[in-house]
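The values are calculated or read from the model by the stated rules, or taken from the named source; none is laboratory data. The structure displayed is predicted, hence computed values, not measured ones. Counting neighbours? That spans all protein chains shown, and the Cβs are built from the backbone with ideal geometry, glycine included.
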Amino acid sequence: MKRYKAALIDMDGTLFNTAKGITKAVREACDEYGLKQLSDSEIEEFIGPPIQITFGKKYSLGEDEANKVANIFRRIYKEKEYVLECELYPGMRETLEKLRENGVKLCIASLKKEDMVKKICAHFGISELFDSLHGTDPLDKLSKSDIIKICMDDTGITDMKDAVMIGDSKYDAIGAEEAGCAFLGVTYGFGFHTDEDVYQYDAVGAAHSAAEIVKFI
């Protein structure tokens, strides 16, 4: 099995369970904008993908309207500090520490806004475990593959084949493919639920827990 020099980790549904805070902010944004409420299982679809895309899809909104609701969500999520209503998945801190001990450079490559990524990591005291922390830009111009490449620039590792993207959704798998790095799926988050979900993509493995990630890297 290939060993990787860098591991890029998605945030929502891979590193952190962010369901509680996102659910609250989605519900309040819907109330404020006058949209019908969704079930908890439907709201899970908001966890991970760009939030404006999910609002647009779930409510058949045009781009401008979807962006308006997304901005309401972000304001509520940030101002009420719902962004901090999350938790590391069980065993994740130990996994990160083990990977660092093994000499792997660690990065967060998330489609969450970068200021929120850094706020969460600082709050939970894990910022120092990472060589690079990146999310999307304020105007949502960066793709997942763009963010992966920015993280890799920070590590100084030039061969993308030495890196693996770890995530729970198609956005992580597609981003890894576009960037030219390997992909490791996880089934404990919100996107993939079975090995079959993961292996729809070119994955090096499917991890069922945070602890299992280590054996693939």
| task | From (1) within 20 Å of the chain's Cα centre (by Cα); (2) over 19 Å from residue 12 (Cα atoms); (3) in a loop (DSSP other than H, G, I, E, B); (4) not aliphatic (A, V, I, L, M), pick out the condition that doesn't hold for residue 37. | result | (1)
| request: Scan segment 44-51 and give yes if some residue there is without any contact (Cβ under 8 Å) to a residue 12 or more places away in the chain, part of a helix (DSSP H, G or I) and either in contact with a strand residue (DSSP E or B) (Cβ under 7 Å, 6 or more places away or on another chain) or not assigned by TED's automatic domain parsing to the domain that holds residue 145 (or both), otherwise no. | output: no
| task | Inspect all residues belonging to segment 67-80 and state whether any of them is surrounded by fewer than 21 Cβ atoms within 10 Å (Cβ to Cβ), part of a loop (DSSP other than H, G, I, E, B) and modelled with pLDDT of 95 or more. | result | yes
| said: Please verify whether residue 28 is charged (D, E, K, R), in a helix (DSSP H, G or I) and at pLDDT below 95, treating the condition exactly as stated. | reply: no
| said: Quick check on this structure: which one of 147, 157, 126 is more than 23 Å from residue 197 (Cα to Cα), buried (at least 20 other Cβ atoms within 10 Å of the Cβ) and more than 12 Å from the chain's Cα centre (by Cα)? | reply: 126
| Got at least one residue in segment 197-217 being closer than 17 Å to residue 95 by Cα, touching a strand residue (DSSP E or B) at 6+ places or on another chain (Cβ under 7 Å) and aromatic (Phe, Trp, Tyr)? | yes
| request: Can you work out which of the residues in segment 178-217 that are surrounded by fewer than 16 Cβ atoms within 10 Å (Cβ to Cβ) and within 16 Å of the chain's Cα centre (by Cα) is modelled with the highest pLDDT? | output: 209
